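Each value in this text was obtained by applying a stated rule to the coordinates, not by laboratory testing. Everything numeric here is computed off the predicted structure, so don't read it as measured data. Glycine also receives a Cβ, built like all others from the backbone with ideal geometry; neighbour counts cover every protein chain displayed.
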Amino acid sequence: MILGLHRASLRHGKAVQALRNVDLEIEAGERVALIGPSGAGKSSLLNVLSTAIKPTEGELRVLGEQPWNMGNRSRQRLRSRIGLVHQAPPIPGRQRVVTAVSAGRLAEWGLARGLLNLLHPLDAEGARKALAELDLADKLFAQCGQLSGGQLQRVGIARVLYQSPELLLADEPVSAMDPVLADHTLGVLCRNARERNVTLVASLHNVELALAHFPRVIGLRDGQVMFDCAAADVAPERLRALYANEHLVPAPAAEADAMAVQIPRC
Amino acid sequence: MKRVTNWLILLVILVAVFASFGYLGVDLLRVFGGDNLSQMSAYAERFLRPDLGTGHLRAIGYGALETLAMSALGTLLAAVLGLFLALPAAGRFGWPLAGFARLVLNALRAIPELVWAALMVLAAGLGPNAGTLALALHTAGVLGRLFAEALENTPAAPADAIRLQGGGQIAAFCYGTLPNLWPQLLAYMLYRWENNIRMATILGFVGAGGLGQMLYVSLSLFQEPQASTVILAMLVLVFLVDALSVWMRQRWVRA
């Protein structure tokens with residue numbers, strides 16, 4: 001078992017219960033899709049699995065270790081083996097694509113090499129290769145702030161591919177892309193996971209994409225697991241129950257948070 | 001009742017104004033009386049013939065260079081010191097250090113450049129050395145506070161993401177925070193440099209070197225032509241630095 005949750009709950013403050021008593025076991029090399037209506041707890045679950053947030057109750061095991069029973073230093077080492085694709089890529093708008101992608105290996109490189117890489121890209125070829133898989137090699141030296149939402153999402157994916165983690169988590173990785181591109185990008189992500197024998201867990205709001213690309217599908221609703229089965233066994237009535245009173249709306253395009261510069265004059 | 005109070009307040013203000021004239025001995029009528037007007041115009045006229053001799057111009061060139069160097073070096077030192085104080089002041093190392101750093105920044109900022117310069121002239125002797133230190137100390141307080149605010153307003157998500165994939169604190173700062181932050185820091189630095197070039201021309205009055213000291217000496221010796229050249233040089237210097245900083249801002253901050 002490479003990823004395990006035992007009776008995990010997560011509360012934001014007192015009012016919001018994001019996850020309730022979730023039990024989950026995922027073996028090495030599995031590819032799992034998380035589906036469910038907005039606010040079902042997909043992002044919360046991925047944040048818990050990526051060790052970004054400590055579950056309020058319950059136990060988390062990742063890559064054979066318990067991240068919340070270890071020191072800071074060893075947890076950081078464990079984190080370097082986990083890759084998380086964020087829904088809104090947390091990349092500064094003024095960074096060049098090559099720098100943003102190479103930031104994936106900062107933990108492996110150490111500080112001196114990381115700082116040197118800021119002055120001059122040390123492995124532009126590696127970054128180009130990761131981008132080329134997503135048809136973005138021509139944007140290697142572009143500014144991230146000038147990319148479209150979908151392009152920026154692919155840069156975020158390229159960073160995690162460049163990191164080459166043992167566990168790959170993705171939070172709505174294709175939400176800002178058109179259907180054809182989303183299908184293609186998910187295909188690249190799954191092929192990469194298969195070839196490198198990486199475990200992949202991705203949340204998706206598009207059910208067709210989830211069923212087409214992932215052998216195992218988990219349905220979440222109100223912070224609970226509604227079903228957890230092979231993609232072939234996901235029957236239409238199960239989906240209707242999962243999304244009852246909900247409409248499938250595409251998520252808004254991810255926008256880079258640009259910081260307005262104040263210029264004082266006197 | 002309210003109307004009476006208003007009249008009373010107006011009366012008190014009027015009395016205060018007249019009392020101030022009496023107490024300070026300001027006699028506006030005498031400014032325009034007698035031959036004072038012609039004296040004034042004669043005094044102003046002496047400024048209209050600036051001394052453009054090569055010897056004096058060379059001295060002014062050196063003075064201007066000194067002022068420019070003082071302001072640039074002072075601002076640079078202040079930026080380094082300010083950044084070192086801004087990191088704890090923005091709460092990066094816990095609240096006890098944040099409180100202490102804020103206290104230091106406020107103290108540095110509360111003391112004006114001229115007072116710092118007077119203190120530094122006593123501590124470091126006459127000359128540009130004292131002026132540079134004075135500018136650096138006061139500006140460090142100002143820039144530190146502005147930097148701390150900019151740090152607090154920078155989105156945290158990019159740096160958090162680097163930490164989440166195992167990167168260290170410093171790497172997360174350089175890759176996640178700095179790219180969004182440095183244009184703002186540069187804008188603040190350029191703004192303070194413009195202020196400091198003006199300030200540096202004045203610091204000479206307390207003996208801290210540069211054009212200000214030349215102006216002070218010429219005025220003290222009633223050498224109006226020489227003083228007028230120094231004032232012209234100050235204007236040119238300020239215009240030049242303003243233009244340079246506009247150019248730098250367009251090149252690096254707006255892009």
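Over segment B:54-253, what is the relative contact order in percent, taking alpha-carbon pairs closer than 8 angstrom and at least six residues apart?
27 percent
Could you name the lysines in cross-link range of A:Lys42, using Cα to Cα under 25 Å and dropping any fewer than eight places away on the same chain?
Result set, ordered by chain and number: A:Lys14, A:Lys54.
In what sequence do A:Glu30, A:Glu59, A:Glu195 fall when counting other Cβ within 10 Å, fewest first?
A:Glu195, A:Glu59, A:Glu30
Find the percent of Cα-Cα distances in segment B:1-47 that exceed 18 Å, and round it to a whole number.
Beyond 18 Å sits 57 percent of the P(r) for segment B:1-47.
So how tilted is helix A:179-195 from the main axis of chain A? Cα-based, degrees 0 to 90, rounded to 10.
90 degrees
In degrees from 0 to 90, rounded to the nearest 10, what is the angle of the helix B:178-203 Cα long axis to the longest principal axis of chain B?
That helix lies at roughly 20 degrees to the long axis.
Determine, for each peptide in B:170-182, A:7-19, A:156-168, the mean count of other beta carbons within 10 angstrom over its residues, then list the peptides with the highest first.
Numbers: B:170-182: 20.9, A:7-19: 15.1, A:156-168: 23.8.
Averaged packing, sorted descending, gives the order A:156-168, B:170-182, A:7-19.
Taking a ≥ b ≥ c as the square roots of the Cα gyration tensor eigenvalues, with a/c under 1.5 meaning rounded and otherwise prolate when a/b beats b/c, else oblate, which class fits segment B:75-187?
Judged from the Cα gyration tensor, segment B:75-187 comes out prolate (a/c at least 1.5, a/b above b/c).
Working out 0.36 nm times the residue gap between A:Arg77 and A:Glu195, then minus their Cα-Cα distance, what length gain in nm do you get to one decimal?
Additional length available on full extension: 40.1 nm.
Over all residues in A:108-119, what is the mean tally of Cβ atoms on other chains that come within 10 Å of each residue's Cβ?
Mean partner-chain Cβ count within 10 Å for A:108-119: 3.
Please order A:Cys144, A:Cys229 by the number of other Cβ within 10 Å, starting at the fewest.
A:Cys229, A:Cys144
Collect residues whose amide H, placed 1.01 Å from N in the peptide plane, falls under 5 Å from the amide H of A:Gly58; neighbours closer than 5 in sequence don't count.
Residues meeting the criterion, in which the H sits 1.01 Å from N, are A:Ser9.
Shape verdict for chain B, please, from the Cα gyration tensor: rounded (a/c under 1.5), prolate (a/b greater than b/c) or oblate.
Values: a/c = 2.50, a/b = 1.46, b/c = 1.71.
Oblate, since a/c reaches 1.5 and b/c is not below a/b.
How do the peptides B:84-92, A:109-117 rank, highest first, by the average count of neighbouring beta carbon atoms within 10 Å per residue?
B:84-92, A:109-117
Averaged over its residues, how many other protein chain Cβ atoms are within 10 Å of peptide B:170-181's Cβ atoms?
Per residue, the number of nearby Cβ atoms from other chains is 6 on average.
In peptide A:89-99, how many Cβ atoms from other protein chains are near each Cβ within 10 Å, on average?
Per residue, the number of nearby Cβ atoms from other chains is 5 on average.
Could you work out the equivalent-ellipsoid semi-axes for the protein assembly as shown, taking the square root of 5 times each eigenvalue of the Cα gyration tensor, largest first, in whole Å?
Each semi-axis is the square root of five times an eigenvalue, giving 64, 27, 21 Å.
Give the lysines whose C-alpha is closer than 23 Å to that of A:Lys139, dropping any in the same chain fewer than 8 places away, or say none.
Result set, ordered by chain and number: A:Lys129.
Before anything else, pin down the relative contact order of segment B:15-158: Cα pairs under 8 Å, at least 6 apart, normalised by residue count, whole percent. If you can, show how the numbers build up before the last one.
Numbers: 133 pairs, mean separation 40.2, N = 144.
Normalised by residue count, the contact order of segment B:15-158 is 28 percent.
For every other residue with a beta carbon closer than 11 angstrom to the beta carbon of A:Val155, add +1 if it is Lys or Arg and -1 if Asp or Glu, then tell me the sum.
Surrounding charge for A:Val155 is +4.
What number, in nm² with one decimal, is the all-direction average of the projected area of the convex hull of the alpha-carbon atoms of segment B:161-255?
8.0 nm²
Within the set of other residues whose C-beta is less than 13 Å from the C-beta of A:Arg238, count the net charge using Lys and Arg as +1 and Asp and Glu as -1.
Working: positive: A:Arg221, A:Arg240; negative: A:Asp228, A:Asp233, A:Glu237.
Around A:Arg238, the charge tally is -1.
Based on DSSP H runs of at least 4 residues, each adding -39500 (n - 2.57), what is the mean residue ellipticity at 222 nm of the protein assembly as shown after dividing by all its residues, to the nearest 500 deg cm²/dmol? Could you put the intermediate results ahead of the total?
Numbers: 22 runs with 293 residues, N = 521.
Counting only the DSSP helices, I get -18000 deg cm²/dmol.
Sort A:Glu237, B:Glu224, A:Glu172, A:Glu25 so the one with the fewest other Cβ atoms within 10 Å of its own Cβ comes first. Numbers along the way, then the final one.
Working: A:Glu237 8, B:Glu224 19, A:Glu172 22, A:Glu25 13.
Exposure proxy ranking, most exposed first: A:Glu237, A:Glu25, B:Glu224, A:Glu172.
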